[in-house]
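The values are calculated or read from the model by the stated rules, or taken from the named source; none is laboratory data. Model, not experiment: these values are computed from the prediction. Quick reminder, even Gly has a Cβ in these numbers, built from the backbone with ideal geometry, and neighbours come from all protein chains shown.
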Amino acid sequence: MGAIWVYSEDIAITRQLLALGRSLAEKARPVIAVAINGSDASGLIESGADKVLAIQGHNPQPESYADAIADLAAKEAPDMIFVGATLQGKDLAAKVAARLKAGLVSEAIAVRLADGGLETERLMYGGMAVATETVTLPAIVTIPPQAYEPLPPEAGKSGEVIAVNAATDDRVTVKAVHTFQREGGDITAADVIVCIGRGFAKREDIKIAEELAAALNGEVGCTRGVAEDYHWLPDSRYIGLSGQKVKPSLYLSLGVSGQVQHVAGIRDAKLIVAVNTDENAPIFAAADYGIVGDLYEVAPLLTEALQKAAAPGKIAG
Amino acid sequence: MLNIIVCYKWVLDEQDIKVNPERLDLDTSRAKYKISDYDKNALEEAVLLAEKYGGKVSALTFGPEGAKQSLKDALSRGPERAFIVKDNLALTADAFVTANVLAAAIRRIGEYDLILCGEGAADTYAQQVGPRLAALLGIPGITFVNSIGLDSGQLLATRKLKSCTQETAAPLPALVTVLPEINQPRIPSLKQVLGAAKKPVTEISLASLELAAEDLVPRVRLKALKGYAMNRKHIIFGGAAPAEAVAKLVASLGKEGVI
């Protein structure tokens with residue numbers, strides 16, 4: 001029976017994938033962690049791997065190992081390869097899949113064994129639908145980070161660590177790397193989010209949202225367009241299918257139209273509130289409460305009302 | 001002179017799809033087709049690069065019968081010519097099959113320096129075909145790019161990853177997948193729309209690509225598609241008095257216990 005391989009350039013995700021691998025591994029199916037230039041092979045054994053393929057090469061870019069991993073996989077014939085769905089992981093997985101002539105499911109939200117292959121679930125149409133798909137073996141599946149809890153480490157567990165020297169594809173060279181500065185709090189952990197959409201006319205007006213967020217003790221987020229087209233807020237603040245998925249108690253949007261890709265990112269919010277001038281904006285279909293109105297009028301009134309409600313001594317009675 | 005091929009997909013406009021809240025099936029009866037949004041950025045970037053460095057842009061799509069309607073829109077966005085592999089196999093093709101077909105079509109088209117794809121398709125958003133194509137064609141593939149330039153025949157591309165940007169360089173020919181932020185796709189003018197009708201379109205039959213039967217068998221097959229419905233309250237306050245609506249909202253939020 002072919003093995004299950006797991007790989008991510010992020011070792012924390014590799015541990016999560018090992019938990020998935022173990023849950024799918026029947027008795028005769030080994031779970032093998034693939035690590036590139038990693039140092040903690042024994043830690044991966046303790047986290048559930050039967051064996052570690054420790055690939056060594058001189059190129060720091062994981063994608064440059066696509067051919068090497070495909071060659072190894074062609075030789076060892078694993079039945080399944082689970083790859084962490086980071087951007088680089090998705091790139092690598094697609095290149096390996098092409099070389100192996102294998103099926104690849106991107107960002108599966110569920111994986112199970114079925115009829116001698118795999119059955120997976122993933123989002124379609126911007127998050128509007130869930131597609132159940134079957135994949136023939138050998139199958140490659142990318143898995144979003146944090147989808148599985150890593151197994152508690154089993155101290156002293158032994159397993160084989162096989163060092164593999166790999167040739168890399170060095171045609172793409174990285175000339176410079178610019179690391180993003182982190183700004184503000186972590187929006188994925190925020191309990192209240194005020195979200196800015198294209199209804200805002202200019203950058204300075206963000207303060208209207210910031211004041212409302214302050215009154216609610218929350219964070220400011222935005223749509224993809226506000227981050228990527230307007231560059232008003234960093235990418236780490238945009239909410240949606242390809243951005244952050246958030247799960248606050250309260251999500252309150254101002255001037256957000258509510259494209260399906262954005263709504264896919266707020267699905268797990270306990271309460272969704274929308275303010276938009278257009279009563280037909282799709283965000284209202286996704287909202288618990290809404291106000292059809294101009295955010296420039298509504299948001300300051302709301303801020304004021306919340307401040308009054310919070311001020312001691314002003315409560316009637 | 002740069003020979004650029006842009007691959008695009010003709011997809012259902014997901015913004016017009018409705019989910020039946022009881023049965024959770026999808027109502028696509030009112031949805032029109034469109035060129036996948038991210039591919040519009042790829043088309044635009046190809047045309048901008050050709051304008052800047054001199055070159056020729058070809059558009060390529062693999063789609064079912066209806067995809068023929070996309071050609072005029074694609075050509076009105078600036079490419080000089082278009083190629084279509086029209087076959088209903090596209091309806092069940094996974095990224096494995098699609099990449100095989102596109103790679104064979106690209107080999108048929110012949111010379112190229114640069115291949116551009118969007119970051120993913122608007123319907124499946126699987127983000128596979130670009131990097132798969134690069135691997136099949138044996139050329140460098142650079143994904144998630146928000147800026148492209150050329151320097152002494154070398155491709156310069158800035159990739160945007162989660163926590164950093166990478167300035168990369170690669171020899172041509174190469175393949176790049178572009179992020180939406182790379183440009184603002186044009187809205188074709190009437191002149192461009194009319195001009196598109198005169199541009200050459202070549203239909204490449206699937207059979208003529210002589211792909212092995214095995215390369216046309218999808219590895220991933222759709223078993224079921226279910227709409228995602230959220231149970232929300234849909235209580236909307238409107239009317240002429242914003243202060244009143246705000247008061248009602250604050251009262252509701254208080255009852256919900258979130259303020």
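A few notes on this one:
- Taken over region B:140-183, residues that are of a type in the set (Val, Ile, Thr) and at the interface with chain A (Cβ under 8 Å from one of its Cβ atoms) amount to 4.
- Every residue from region A:9-33 that is farther than 23 Å from A:Gly117 by Cβ and crowded, with 24+ Cβ neighbours inside 10 Å: A:Ile13, A:Thr14, A:Arg15
- When restricted to residues that are assigned to a helix (DSSP H, G or I) and more than 16 Å from A:Leu250 (Cβ to Cβ), region A:283-306 contains 8.
- In summary, A:Val298 fulfils each of the numbered conditions (1) more than 7 Å from chain B (Cβ to nearest Cβ); (2) in contact with a Leu (Cβ under 9 Å, 6 or more places away or on another chain) with the single exception of condition (1).
- Close pairs (7 angstrom Cβ cut-off, 6 or more residues apart or separate chains): under 21 Å from A:Gly103 (Cβ atoms) and more than 14 Å from every other protein chain (Cβ to nearest Cβ) in region B:203-220, assigned to a helix (DSSP H, G or I) and basic (Lys, Arg) anywhere: B:Leu209/B:Arg108
- Within region B:74-118, the set of residues being away from chain A (no Cβ under 14 Å), small (Gly, Ala, Ser) and either touching a residue at least 40 places away in the same chain (Cβ under 8 Å) or over 30 Å from B:Gly54 (Cα atoms) (or both) comprises B:Ala74, B:Ser76, B:Gly78, B:Ala82, B:Ala90, B:Ala105.
- Of the strands (runs of 3 or more DSSP E) contained entirely in region A:90-130, those carrying at least 1 residues that are surrounded by fewer than 24 Cβ atoms within 10 Å (Cβ to Cβ) and at pLDDT below 95 fall at A:110-114, A:117-124.
- Candidate set: region A:248-270, residues that are of a type in the set (A, V, I, L, M) and within 24 Å of A:Lys207 (Cβ to Cβ); chosen: the one nearest to the other protein chains (Cβ to nearest Cβ): A:Leu250
- Matching residues, region A:131-161, being part of a strand (DSSP E or B) and under 21 Å from A:Ile13 (Cβ atoms): A:Val135, A:Ala139, A:Ile140, A:Val141, A:Thr142, A:Ile143, A:Val161
- Output for region A:181-207, where each listed residue is surrounded by 14 or more Cβ atoms within 10 Å (Cβ to Cβ) and within 14 Å of chain B (Cβ to nearest Cβ): A:Ile187, A:Thr188, A:Ala190, A:Asp191, A:Val192, A:Ile193, A:Val194, A:Arg198
- Test: residue in region A:264-286 that is of a type in the set (A, V, I, L, M, F, W, C), closer than 23 Å to B:Phe144 by Cβ and either modelled with pLDDT of 95 or more or surrounded by fewer than 23 Cβ atoms within 10 Å (Cβ to Cβ) (or both): yes
- Reported count of residues in region B:166-188, each being free of Cβ contacts under 8 Å to residues at least 12 places away in the same chain and farther than 27 Å from A:Thr179 by Cβ, is 1.
- Scanning region A:15-36 for residues that are in contact with a helix residue (DSSP H, G or I) (Cβ under 9 Å, 6 or more places away or on another chain) and closer than 11 Å to A:Glu149 by Cα yields A:Arg15, A:Leu18.
- For region A:212-227, a residue qualifies if it is touching a strand residue (DSSP E or B) at 6+ places or on another chain (Cβ under 7 Å) and without any contact (Cβ under 8 Å) to a residue 40 or more places away in the chain, and the qualifying residues are A:Ala213, A:Asn217, A:Gly218, A:Glu219, A:Val220, A:Gly221, A:Cys222, A:Thr223, A:Arg224, A:Val226, A:Ala227.
- Some residue of region B:233-242 being assigned to a loop (DSSP other than H, G, I, E, B), closer than 30 Å to A:Pro282 by Cα and aromatic (Phe, Trp, Tyr): no
- Evaluating B:Val258 against the criteria (1) assigned to a loop (DSSP other than H, G, I, E, B); (2) surrounded by 12 or more Cβ atoms within 10 Å (Cβ to Cβ); (3) more than 7 Å from every other protein chain (Cβ to nearest Cβ) leaves one unmet condition, (3).
- Note on region B:100-203: enclosed strands (runs of 3 or more DSSP E) holding 2 or more residues that are under 19 Å from the mean Cα position of the chain (by Cα) and under 27 Å from A:Ala85 (Cβ atoms) are B:114-118, B:141-151, B:154-160, B:174-178.
- Residue within region B:125-134 that is in contact with a strand residue (DSSP E or B) (Cβ under 8 Å, 6 or more places away or on another chain) and free of Cβ contacts under 8 Å to residues at least 24 places away in the same chain present: yes
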